[in-house]
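Data block below; observations after.
The values are calculated or read from the model by the stated rules, or taken from the named source; none is laboratory data. Note that the coordinates shown come from a computational prediction; the quantities given were computed from them, not determined experimentally. Every residue, glycine among them, receives a Cβ derived from its backbone with ideal geometry; neighbour counts consider all protein chains shown.
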Amino acid sequence: MSEIQANKIINCEGMACPMPLVQTKKAMNELQDGMVLAIRATDRGSLADLPRWAQGTGHQYIAVEESNGVWEHYIRKGSVASPSTSSVEQSTVSSSATTKAAQIGTATEIQTISNEQLQQKIQSGQKLHILDVREEDEYAAGHIPGAQFFPLSELADRVDQLDPSMDYIVICQAGGRSSRACNYLVEQGVTNVVNAVEGMGSWAFEQQK
């Protein structure tokens, strides 16, 4: 798939967020400093998860390449003891959206809501503002009726479309991307946010396609 030489390759195809990241962490622990890990993933969330994790832990996110719906990420193991010294080589990603998504989401304490609690609010007739931060194909496959398509990869460009005085419930597939989206929104002054931590992967109620 690429001319980049990897010391280890892991296959995360078919795995949903956050499993590609979980498998990446496990595999990276088995490598020596300077070795390169290749991660093959089909989950769009990996485009945000892996660069963000690498940059925050002292590893070097080298590149990502896409072929037939499979993204192959390359990360060089660095010293996790000094993450502030990590560097990122110029990526081969064809879209700037990936970089923007990777920059989103520092740690902030965010209120959460379960799927059952969210469904109760929906059934009660409350007017809710739900932001679905998954990618287009995930949203099209099934989303909460009335949820607004607001992908994490576009959040930095579209945050000014949100009203800071309004309450927002943010959902993704498994809670990872929605957590980062909530953190970023708080940083931008949109503070009334709640993370639907269980995500659409566990949603057992009505969906719209």
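Points to keep in mind about this one:
- Test result for I110, modelled with pLDDT under 95 and among the β-branched types (V, I, T): yes
- Matching residues, the range 191-208, being more than 12 Å from S114 (Cα to Cα) and of a type in the set (F, W, Y): F205
- Filtered residues of the range 20-39 (kept if more than 18 Å from D137 (Cβ to Cβ) and either surrounded by 14 or more Cβ atoms within 10 Å (Cβ to Cβ) or of a type in the set (V, I, T) (or both)): L21, V22, Q23, T24, A27, M28, L31, M35, V36, L37, A38, I39
- Looking across the range 155-182, the residues that are within 12 Å of the chain's Cα centre (by Cα) and either in a helix (DSSP H, G or I) or among the aliphatic types (A, V, I, L, M) (or both) come down to L155, I171, A174, G176, R177, S178, S179, R180, A181, C182.
- Residue match in the range 48-56 (condition: assigned to a loop (DSSP other than H, G, I, E, B), of a type in the set (G, A, S), surrounded by fewer than 17 Cβ atoms within 10 Å (Cβ to Cβ) and without any contact (Cβ under 8 Å) to a residue 60 or more places away in the chain): no
- Apart from one condition, S2 fits all of (1) surrounded by 14 or more Cβ atoms within 10 Å (Cβ to Cβ); (2) modelled with pLDDT of 85 or more; (3) more than 28 Å from E187 (Cα to Cα); the exception is (2).
- For the range 144-152, the criterion of being closer than 16 Å to M200 by Cα, part of a loop (DSSP other than H, G, I, E, B) and under 15 Å from the mean Cα position of the chain (by Cα) is met by at least one residue.
- Residues (free of Cβ contacts under 8 Å to residues at least 40 places away in the same chain and not in a loop (DSSP other than H, G, I, E, B)) located in the range 10-37: I10, N11, C12, M19, P20, V22, Q23, K25, K26, A27
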